[in-house]
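The values are calculated or read from the model by the stated rules, or taken from the named source; none is laboratory data. Model, not experiment: these values are computed from the prediction. Cβ sites come from the backbone with ideal geometry, for glycine too, and all protein chains shown count toward neighbours.
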Amino acid sequence: MYNQSLQLANDIGDEDGVNSYYSNSNKFYSKRGNTKQQIQVQQEAIEFNSSNGNKKALTDNYNSIAALSLKDEKPQEAIEYLKQNIVLMDDLGTLESKEEALGLITTAYEQIGDYESALKSYQKLVKIQEANTMEKNKHIQLASALSNELDKKDKIIELLQTNNDLDKVNASLRDDQKREELKKQSLRDDQKREELKKQRIVIYALAGGFLVLLLAALLIIRSNREKRQANAMLELKSLRAQMNPHFIFNSLNSVNSFISKNDDRSANKYLSQFSRLMRMVLENSKHDFVSLESEIEILKLYLELEHLRFQDKFDYDFNIGEDIKKDEIEIPPMLIQPFIENAVWHGLRYLEEKGTLLVSVKKQKGKLLWIIEDNGIGREKSAELKTKNQQIGKSTGMKNIDARLRILNKMNKTDMQVQVVDLNNGTTGTRVEVSIPYQSIS
């Protein structure tokens, strides 16, 4: 099957597909202890990526074949590969791969008894590790600073909105008082000037009072309606703001998991992707609606991060309807992400074999229908695995989504709906269907 995938990738010119073949073949032979076949696969990969100018993949190939040469007790061959790789990585500025290469070449020099060269390589390795540590700390500080800045801005917005509402109410009351004072003064002046027309003035005053009361009632009704709308907007912004700390907390837990396993390379890659995701999430959180294209990009980036951590637990795919123009449709931001997060964390990660997550978007009866389907362990078994504290309440993300849908439906007079379907009686997967009105970008 791997050989067939290689043939297909070559036929369509899919460079990533060819490299995927080399990676999977290497794992295949590794599990069977066939080091010589692993070396042959890596040699083919080096030849392929050299001819295509894929320097990033080439650095990984050099490191892999050097490690295999050491395992095959051929340290001199490993040194030759690693020397080429270190020169290549100096051009690319790739710290993670260079750290791995320096560690390997230090071991190789030790095996051939060249302790002076081994010491020099080890000293370079220590410097690279210190640089990587500083870079990780910068990423973590950036994520923390972004989160704090978002909290500060949301509090300022809330205070400004409250002050603005109070100013409007006070201005309305002052205007009403001034109108009443002018009318009373007018009545007194008319009574003094024309005593004979008292009855007519009384009639006019009563009519004017009635109109004032009617106008005041209309103003009060309108003011109450505007206050309700403003309160709903503030609540919606508050719920969107809650999503960011919740999402950041879960993502930083994943970073912590890599670091605790001493997987610095994966942690660095994860932090780089995570920083990019945070910038996009913080930008979209400023808006009530964002383009479908932007939201899908965020979801794909989020799934890349989750797959990096649980790559042995699931694969995923996106299926976007051909008749959907992503750049012409807008939806509420961060509405779909919690359902994808639930599928990974409560369904797929507990599987003993690799599962599948499919995210689909299509048009249906004037609405945009999202389908998030997994073949995980199902809600029933997931509930059994939860701790006592987890069983007490609903997850933060899901409570937030329920509240946001209720407010959006009320404000926009829409009918956004969420339906959760247990597959095979709740034992082998879950499908979530989210129906959103089809809304074009104005």
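Filtered by the rule that a residue be among the charged types (D, E, K, R) and in a loop (DSSP other than H, G, I, E, B), the range 250-300 gives LYS261, ASP263, LYS286, ASP288. Tell me which residues, restricted to the range 14-43, are over 19 Å from LYS71 (Cα atoms) and among the charged types (D, E, K, R). Result: ASP14, GLU15, ASP16.
Can you pull out the residues in the range 290-313 that are without any contact (Cβ under 8 Å) to a residue 40 or more places away in the chain and among the hydrophobic types (A, V, I, L, M, F, W, C)? I'd like the intermediate steps shown before the answer.
Just the residues of the range 290-313 that are without any contact (Cβ under 8 Å) to a residue 40 or more places away in the chain, to begin with: 293-294, 297-298, 300-302, 304, 307, 310-311.
ILE298, LEU301, PHE310 - these are the residues of the range 290-313 that are without any contact (Cβ under 8 Å) to a residue 40 or more places away in the chain and among the hydrophobic types (A, V, I, L, M, F, W, C).
Considering only residues in the range 291-313 that are basic (Lys, Arg) and surrounded by 15 or more Cβ atoms within 10 Å (Cβ to Cβ), the one that is farthest from HIS346 (Cα to Cα) turns out to be ARG309. Yes or no: the range 179-198 includes at least one residue that is hydroxyl-bearing (Ser, Thr, Tyr), more than 60 Å from the chain's Cα centre (by Cα), under 27 Å from LEU219 (Cβ atoms) and modelled with pLDDT of 85 or more. Checked against the condition, which is being hydroxyl-bearing (Ser, Thr, Tyr), more than 60 Å from the chain's Cα centre (by Cα), under 27 Å from LEU219 (Cβ atoms) and modelled with pLDDT of 85 or more, the range 179-198 yields no hits at all.
Look at ALA101 and say whether it is crowded, with 21+ Cβ neighbours inside 10 Å, small (Gly, Ala, Ser) and either under 30 Å from LEU277 (Cα atoms) or in contact (Cβ under 8 Å) with a residue 60 or more places away in the chain (or both).
Considered against the rule, which asks whether it is crowded, with 21+ Cβ neighbours inside 10 Å, small (Gly, Ala, Ser) and either under 30 Å from LEU277 (Cα atoms) or in contact (Cβ under 8 Å) with a residue 60 or more places away in the chain (or both), ALA101 comes out as yes.
Close Cβ contacts (under 6 Å, 6 or more residues apart or on different chains) running from residues in the range 314-342 that are at pLDDT below 90 and surrounded by 22 or more Cβ atoms within 10 Å (Cβ to Cβ) to residues that are of a type in the set (S, T, N, Q) and outside any loop (DSSP other than H, G, I, E, B) comprise PRO333/ASN284.
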